[in-house]
Each structure stands twice: as structure tokens, then as C-alpha cells.
Amino acid sequence: MPQSGSRNSFQTDFEILLEQQGFLKMFFIKVRSFEEFMLLRISIFTVVLLAVLGLGVFTLRNTLVYAIAAALLCYFIPPLLVKRMINLKSRAVLGNLPDVIDLMASLLKAGLTLDEVISYIANNYINPVSRLLKIYRLRLLSGSSRAEAFDAAGRMSYCTEFKSFIKIIYQAEITGHPVSDILKDLSRVYRNNQRDFLKIQAEKLESNLIIVIFVFIFVPMLFILMVPVLPQLKIFI
């Protein structure tokens, strides 16, 4: 994908995040637009660059390379923070989605309509999925079509599974298929996906722990054991 397309995608995600929260707080500064976000990045780059260069002048050293490296590093920190916010929102939605789907299936089997189920969950539960369903209802009340309301909730979720979920229930309602049966199968699939994701994360954690143990425990212990031998090695040298 071209770099410009990547920037546009990031800007879209950023603006959707702002639409939900009103502002983003970064480095104790409230950012309310993408333009302010870019200005913050440039300001951080400039401040860090001048600070390191000033330190070099004070210590009588050439710190130009270090100044540029530090400034570039700080310039790319804000987008990483935004992406982390988005990933956390996506994981939170996915973590609550199977339970909400099971609840929806039970309520549908109890005789409620899909709109009644969505309204009940949006008004009586507080979790990332219920908030998205509340956004869907608010969009409907503001005059949006059902498809537009579902699309808005899907974009704000940042979660592929949630987007698939709302697309499936929307198509099932149009075609007249029993939504409750589809939801049960969908919940099972998402739970399996979540279990696989946790397994992958656990495997990564295990490998990272091995590296940490090697660097911070094995290497220092080896150094401690070698200290008494060092004088003898000097004699041989």
C-alpha cells in the first residue's frame, strides 16, 4: 500500500477516535483535531532537537546526530500511542463480543425483535459493545438509515469481528434468516478466535521471558562467577 494511503487510513482512524472521545490527551495536552496532532508532533520534534543541540553546546560536544535521532524518535511516538489506543479499544470490543452475542441470541429466542434486543443491551449494560450498539441507536434516531447506523458503529469499533457481526445480522434480517441460530455459531467462532489469540500471546510471553531471564539473570550470574577467575586470567595473559 502506498504511504499516502497509509496516512489517510491513520487520519481516518484518528478522526473516528476523536469523534468518540472529543479529544485525546497526549503529553498532558488535549488534542481536538488532526491538525493539532500534527502540530504537536512537529513541536515535540523541534523541542527535542533544540534541547539536545543546546546540551551539546553546553558540554562542548557535537550532538547533531544524537539530536536528530532523538527528535525523530519522539516525532514517531504520538502515532504509536494512538495506534495503541485503537488496539486496546479493538481488544476490549472483541473480549465482550461473544458474551453479548450469546445474550442477544437468548433474547431473540425469548421473542424479542432485533431492535428491542439492541435497545435492551444498549440501555442496561455498560461495556464496549453496548456503547457501540447505543451509537447505532442514536444514529437511527438522528435520521440515518439502518445500514449507515451499522456502518458507523462498525467503524468506531476498530474490530474486524464486530464489523463482520453487524454485517451478518443486517443481512440475516434482510433475507429473513433466523438471527438467533446464526449468532450462536458466530459466538462459538469468536470464542475460538479469542482463545487462539491468547495462546499466541502466551507463547510470545514465554519466549520474551526466556530472553529476560538470559539477559538479566544468567549473564549477571556468569559475570559474578567469573570475577574470582579474572586475576588468574590476567596472569596467563
Average projected area [Cα convex hull, segment 3-85], square nanometres: 6.0
Cα centroid of segment 39-86 to Cα centroid of segment 91-133, whole Å: 45
Let me know the shape class of segment 75-165, please: from the alpha-carbon gyration tensor, a ≥ b ≥ c as square roots of the eigenvalues, rounded when a/c is under 1.5, otherwise prolate if a/b is greater than b/c, or oblate. prolate
Quick check on the exposure proxy: order R191, R84, R131 from fewest to most C-beta atoms within 10 angstrom. R84, R191, R131
Starting at the first residue of segment 151-162, write each ³J(HN,Hα) from the Karplus equation 6.51 cos²θ - 1.76 cosθ + 1.60 with θ = phi - 60°, in whole Hz, x for Gly and Pro. 5, 5, 5, x, 5, 6, 7, 6, 10, 4, 5, 5
If each residue of separation counts as 0.36 nm, what is the full-extension length gain between E15 and D115 once their alpha-carbon separation is subtracted? 33.2 nm
Quick one: if the Förster radius is 41 Å, what FRET efficiency do R155 and A51 give, using the C-beta to C-beta distance and rounding to 0.05? 0.60
Taking amide H positions as placed in the peptide plane 1.01 Å from N, state which residues far from M26 in sequence (5 or more) or on other chains have amide H under 5 Å from it. V31
Which pairs in the list K25/K163; K30/K163; K83/K184; K109/K167; K134/K167 are over 23 Å apart, alpha-carbon to alpha-carbon? K25/K163; K30/K163; K83/K184
Given a Förster radius of 30 Å and the C-beta distance between F34 and A70 as r, what FRET efficiency does 1/(1 + (r/R0)^6) yield to the nearest 0.05? 0.75
Would any residue of segment 148-190 have its amide N under 19 Å from a label point 7 Å out along Cα→Cβ of L88? List them or say none. 156-160
Rank these for me by crowding, Y136, Y120, going from fewest to most other beta carbons within 10 Å. Y120, Y136
Work out the P(r) tail for segment 43-109: percent of alpha carbon pairs separated by more than 19 Å, whole number. 58
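Each reported figure results from applying straightforward, stated rules to the coordinates on display, with no laboratory input. Just so it is clear, the model here is predicted, and its values are computed rather than measured. With ideal geometry, Cβ positions are generated from the backbone for all residues, glycine too; neighbour counts draw on all protein chains shown.
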